[in-house]
Amino acid sequence: AQSVTQLDSQVPVFEEAPVELRCNYSSSVSVYLFWYVQYPNQGLQLLLKYLSGSTLVKGINGFEAEFNKSQTSFHLRKPSVHISDTAEYFCAVTYTGGFKTIFGAGTRLFVKA
Amino acid sequence: GAVVSQHPSRVICKSGTSVKIECRSLDFQATTMFWYRQFPKKSLMLMATSNEGSKATYEQGVEKDKFLINHASLTLSTLTVTSAHPEDSSFYICSASSGGGAKDTQYFGPGTRLTVL
């Protein structure tokens, strides 16, 4: 079965420190990959997406992610986080040829002063 | 950017009543809209996919007679929770896509918090 695994449910980090949020997916076919951010009581906002081409994808708010096909991973990184980055982050996968997007369980990023 | 609104943002209703949630794409035409349900501290679960002018496609385990979806125009989809019960309490989120294909970006609404007493 197709699935998305976000290995960390919570990631506490100090302000201005780097952070990596991990995402792995199961797949035997090509995929499109997404990272979304959700602030409290709000919908999801697209951070970045990988469709094809360069495996390093840059998104909004200084985030970037790297697609690693051999490891079926799409980890999200930011070199220096801010308090305002505190939110829930979701990794999502859509399998090419399909329409259904599968979401990971989410990672709560908590940035401390 | 593309904006999707949902109304209401919060609703509290009595058990046995029906509740309608609207999802609108404000500045683009949404060929496809998706309805998700999100449980506390959990991920989004796709309930159904709707294309304008056709019947919604429901995911396995989602009761189509309980969760009625109508996608009457390219900017509006509605989800009606019929005969709501406390276990239907959840955060319902819609998304809209101008293409509906696998690589097309979904734009999410802010969600509707449903509480059934």
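The values are calculated or read from the model by the stated rules, or taken from the named source; none is laboratory data. Source: prediction; values computed, not measured. Neighbour counts are summed over all protein chains in view; Cβ atoms, including those assigned to glycine, are modelled from backbone coordinates with ideal geometry. Please note that ligands, DNA and RNA were not included when accessible areas were found on the heavy atoms of the full protein model with its side chains. Shrake-Rupley method; radii C 1.70, N 1.55, O 1.52, S 1.80 Å.
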(request) Mind listing whichever residues of the stretch A:1-19 are open to solvent by less than 80 Å² (accessible area, probe 1.4 Å) and under 18 Å from A:Ile83 (Cα atoms)? (result) A:Val11, A:Val13, A:Glu15, A:Ala17, A:Val19
(request) Consider only pairs whose beta carbons are under 9 Å apart and that are at least six residues apart or on different chains; among these, list those whose first residue lies in the stretch B:6-34 and is on the phi > 0 side of the Ramachandran plot and whose second residue is among the small types (Gly, Ala, Ser) and not in a strand (DSSP E or B). (result) B:Gly16/B:Ser83; B:Gly16/B:Ala84
(message) Just to check your reading of the model, which residue among B:Ser95, B:Ser83 is out of contact with any His (no Cβ under 8 Å at 6 or more places or on another chain) and not in a strand (DSSP E or B)?
(response) B:Ser83
(request) Write out, first by first residue and then by second, each pair whose Cβ atoms fall under 7 Å of each other, whose residues are 6+ apart or on separate chains, and whose first residue, in the stretch B:42-70, is closer than 18 Å to B:Val19 by Cβ while the second is acidic (Asp, Glu) and not in a strand (DSSP E or B). (result) B:Met47/B:Glu59; B:Ala48/B:Glu59
(request) Report whether or not B:Lys103 is part of a loop (DSSP other than H, G, I, E, B), touching a Ser or Thr at 6+ places or on another chain (Cβ under 8 Å) and either free of Cβ contacts under 8 Å to residues at least 60 places away in the same chain or β-branched (Val, Ile, Thr) (or both). (result) yes
(message) I need the full set of residues from the stretch B:14-45 which are farther than 12 Å from B:Ser95 by Cα and modelled with pLDDT of 95 or more, in order please.
(response) B:Lys14, B:Ser15, B:Gly16, B:Thr17, B:Ser18, B:Val19, B:Lys20, B:Ile21
(request) Just give me the residues in the stretch B:80-117 being touching a helix residue (DSSP H, G or I) at 6+ places or on another chain (Cβ under 9 Å) and open to solvent by 20 Å² or more (accessible area, probe 1.4 Å), in sequence order. (result) B:Thr115, B:Leu117
